[in-house]
Amino acid sequence: MTRQLPDLPVTAALPHLLEVLDRSNSAVLVAPPGAGKTTLAPLAMLDAGWRGEGRILLLEPRRLAARAAARRMAALLGEEPGGTVGYAMRMESRVSARTRILVVTEGCCRG
């Protein structure tokens, strides 16, 4: 499935990022704040063959940022958080069996 992503500064780097991740299990994406790293890169990775049925985990240090990133990505897909994109943090989550991108904070999953 091809997604129409917004044209932000990081958009031009996404094909190369996906190529690198096809060959290796790690990559570093460097761009200034607001370039689209947090929202566009995970969405671009959704259809990557190496992802299989697994989830993409995105670590955000702040609760507000985690919620905002998940809401933005879900909106770009025409969804609400808890569908393809969800989030989990201490005492709050929006996740389902359909969730493929999960935005988490450091304290989200402690027992």
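Among the residues of the stretch 62-75, just one is surrounded by 14 or more Cβ atoms within 10 Å (Cβ to Cβ) and farther than 13 Å from residue 38 by Cα, namely 63.
Scanning the stretch 31-89 for residues that are hydrophobic (A, V, I, L, M, F, W, C), out of contact with any strand residue (DSSP E or B) (no Cβ under 7 Å at 6 or more places or on another chain) and part of a helix (DSSP H, G or I) yields 40, 41, 43, 44, 50, 64, 65, 68, 75, 76. Only one of the listed residues (62, 23, 51) is closer than 23 Å to residue 98 by Cα and of a type in the set (D, E, K, R). That residue is 51. Considered as a group, the residues in the stretch 90-111 that are in a loop (DSSP other than H, G, I, E, B) and touching a residue at least 40 places away in the same chain (Cβ under 8 Å) include one that is farthest from residue 43 (Cα to Cα), and that residue is 106. Looking across the stretch 78-111, the residues that are surrounded by 15 or more Cβ atoms within 10 Å (Cβ to Cβ), at pLDDT below 95 and hydrophobic (A, V, I, L, M, F, W, C) come down to 89, 108. Among the residues of the stretch 5-20, write down those that are under 15 Å from the mean Cα position of the chain (by Cα) and not hydroxyl-bearing (Ser, Thr, Tyr). Within the stretch 5-20, 5, 6, 10, 14, 17, 18 qualify.
Please work out if residue 45 is closer than 17 Å to residue 74 by Cβ, of a type in the set (A, V, I, L, M, F, W, C), modelled with pLDDT under 95 and in contact with a helix residue (DSSP H, G or I) (Cβ under 7 Å, 6 or more places away or on another chain). Judged against the criteria, residue 45 is a match.
The values are calculated or read from the model by the stated rules, or taken from the named source; none is laboratory data. Since we're looking at a predicted model, the values are computed, not measured. All Cβ positions, glycine included, derive from the backbone under ideal geometry; neighbour counts span all protein chains shown.
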